1. Just one of Ala214, Ala244, Ala166 is at pLDDT 90 or above, closer than 26 Å to Ala634 by Cβ and surrounded by 15 or more Cβ atoms within 10 Å (Cβ to Cβ); which is it?
2. Hey, can you tell me all the residues within region 564-579 that are polar (S, T, N, Q) and either buried (at least 20 other Cβ atoms within 10 Å of the Cβ) or on the phi > 0 side of the Ramachandran plot (or both)?
3. Within region 580-591, does at least one residue satisfy the condition of being hydrophobic (A, V, I, L, M, F, W, C), surrounded by fewer than 21 Cβ atoms within 10 Å (Cβ to Cβ), modelled with pLDDT under 95 and within 18 Å of Tyr320 (Cα to Cα)?
4. Condition check: in a helix (DSSP H, G or I), in the same structural domain as Thr303 (by TED's automatic domain parsing), out of contact with any Cys (no Cβ under 8 Å at 6 or more places or on another chain) and exposed (fewer than 15 other Cβ atoms within 10 Å of the Cβ). Does Asp429 satisfy that?
5. Which of the residues that make up region 341-378 are of a type in the set (Ser, Thr, Tyr) and more than 19 Å from Gln549 (Cβ to Cβ)?
6. Restricting to region 271-316, give me the number of residues that are touching a Cys at 6+ places or on another chain (Cβ under 7 Å) and of a type outside the set (Gly, Ala, Ser).
7. All but one of (1) assigned to a loop (DSSP other than H, G, I, E, B); (2) under 30 Å from Pro229 (Cβ atoms); (3) among the aromatic types (Phe, Trp, Tyr) hold for Tyr553; state the number of the condition that does not hold.
8. Being crowded, with 19+ Cβ neighbours inside 10 Å and out of contact with any strand residue (DSSP E or B) (no Cβ under 8 Å at 6 or more places or on another chain) narrows it down to one residue among Thr369, Thr359; which is it?
Amino acid sequence: MTPNFKRYSVLFGYVALFLVLSTLVRLALLIWALPDAGLSFGGIISIFVKGFVFDLGVSLFFTLLYSLYLLVLPQRLNNTLFNRIFTYSGFFLAVLITIFSFFAEFTFWGEYSARFDFIAVDYLLYTYEVISNINQSYPLPLLIGGVVGFTALVTWLLAKRGTFKASFQSYTPFKKRLLMTGALIGACLLHVYLISNTWAESGKNRYQQELSKAGIYSFVSAYVNNELPYDKYYLETGNSQAFADMRSLLQTPDAKFLEDGNSIYRSITDTAQVVGKPNVIMVTIESFSADFMARFGNTQGITPVLDSIAKQSILFTNLYATGTRTVRGMEALTLAVPPTPGQSIVRRKNNEGLFSLSTIFEQAGYDRTFFYGGDGYFDNMNQFFGNNGFDIMDRLRHRFVGDQFPTKRTNYPDSAVHFENAWGICDEDIYTGVIKNADEKYAAGKPFFDFVMTVSNHRPFTYPEGKIDIPSHTSREGAVKYTDYAIGDFLHRIKDKPWFKNTIIIFVADHCASSAGKNEIEVSKYHIPCMLYNVPGQAPTEIPAMCSQLDIYPTLLGLLHWSYNTNLYGQNVLAADYKPRAMISTYQLLGYLEPGKLVILSPQRKAQSFNVKAETGDLQAITADSAMIRKAVANYQTAYSLFKTGGMRKK
């Protein structure tokens, strides 16, 4: 038997089939889009050249495992029943998935005029809704039957051509198999390192960009990059106009812009005497809604400590979280930036070296530390904080390749842990690490800024027994009460510390306990408490103005009379010219809130205006409020642009 490469005939048959079908899909989408696309002849050629490269990469990735199987399969098993069943079944399944994905691309294009991206990824979170929508929108039995029937036809045609027979009856020595499989692996690696979706996005015509892509490749890219491009899906104005509007919104008597054009970088000059350089410990409380507290109407008595602190603090009574996840709160509390669509910047690539609160405190000579009760590998926390100036203290469980940053990482040792669940160590143990670190910084004469992320107020709601009168693992209320207890214990342990009198402690939530409601954006489910405790020279007071997590530090720095440069979107809520507003969002919906009014920006470049009923929080659709829409666009468009172009980086 003459040696040959025919063992790979089914693999090459699939690659050829994928390339043909994908090209036909691209051609059909091009014809669909042609009346609106405004494409040149050169642009059309570019679409198919780039598209072929993306399609080839996808087809090779699909066949990678099969090529490894062909490499290790002994010659004596090549023509056995086992290999025949495996090969036919694998080919059928691969083609079935391919055909179904191509059909899904048509439905997605019809909705968004785009290839798969973060919206498609986001749909994975809502399986029931998506399946129900498909079932109600299309004749599902006919669709599935058609996909299965077409797959069977393709498989039969390739069998008729002798493709499977050639593979089963081939003689391909191991050295030739090694050469072929190695070449396929090498091609995949080259594709990974040399090609990305940004290549397709290099042109100015959005239709040309989208048609150049491959749907499956774009889906994976969106999942990896955690981004839903604002400029593709949301209402826009010219970038220069958006920045002009944003600069107008941020212009205050004490602010001077330091750069022209598409920038918000400015100096804040306070002419009053600086209060000093107090330490700052920010306790970010997991999933803590304002309505857990008696101050905001709760009658369960589960936050006696925080209700007491509220009376001794500067209390924001009308403050809103930007999102519904911890990483979104972290983004707002460090970068003070509106929540761009898709994933939080904390979880995205290229998020190192950003201008943040860490930058301002660094320039003032502070040490900065991020404390977390779990493993900070989760949600990319360590990479984000470690690459933006914070030392890390977390519960080290794994050390990953790539877990590198220019700051130090310290582990909570077993000896310091008295209780631990799936999310990490209990809040009391977290605070023990905070206190130890503060003692060391004080002894070294270093002011410090700490970002403390608690974990106890999180399902499964377990905590040390005997601390409160609600048994562990019984309810959210128990977790809230333990969280409150741990804060009281923390304050009791530090009240006699030599550094306490010169330490501001901020208590704020990352987000509310839930976001569900009957409205697209349930405004009340973004209302969180924030207390500035132990601020030098400041009597307890309440701030009733509507504001955002973005505004906490500009307000605090105003109270301290600091002068500083800033690239933040937050504003001093106590300034005479402050105009109340807040940004609230989901993955896809971007809300701009003013007293009694809400604008929601959504994909397909939609903008809706609502009145917000004070009593119930219900939304009542109204005629488009063009002034509010313009402000919403200015905030979200410029935030996206700055991150995308590197304008958020440290100056």
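1. Ala244
2. Thr566, Asn567, Gln571, Asn572
3. Checked region 580-591: at least one residue is hydrophobic (A, V, I, L, M, F, W, C), surrounded by fewer than 21 Cβ atoms within 10 Å (Cβ to Cβ), modelled with pLDDT under 95 and within 18 Å of Tyr320 (Cα to Cα).
4. Judged against the criteria, Asp429 is not a match.
5. Once the filter is applied, which keeps residues that are of a type in the set (Ser, Thr, Tyr) and more than 19 Å from Gln549 (Cβ to Cβ), region 341-378 yields Tyr366, Thr369, Tyr377.
6. 1
7. (1)
8. Residue meeting the stated conditions: Thr359.
The values are calculated or read from the model by the stated rules, or taken from the named source; none is laboratory data. Given the structure is predicted, the values throughout are model-derived calculations rather than measurements. Using ideal geometry, Cβ is built from the backbone for each residue, glycine included, and neighbour counts are taken over all protein chains shown.
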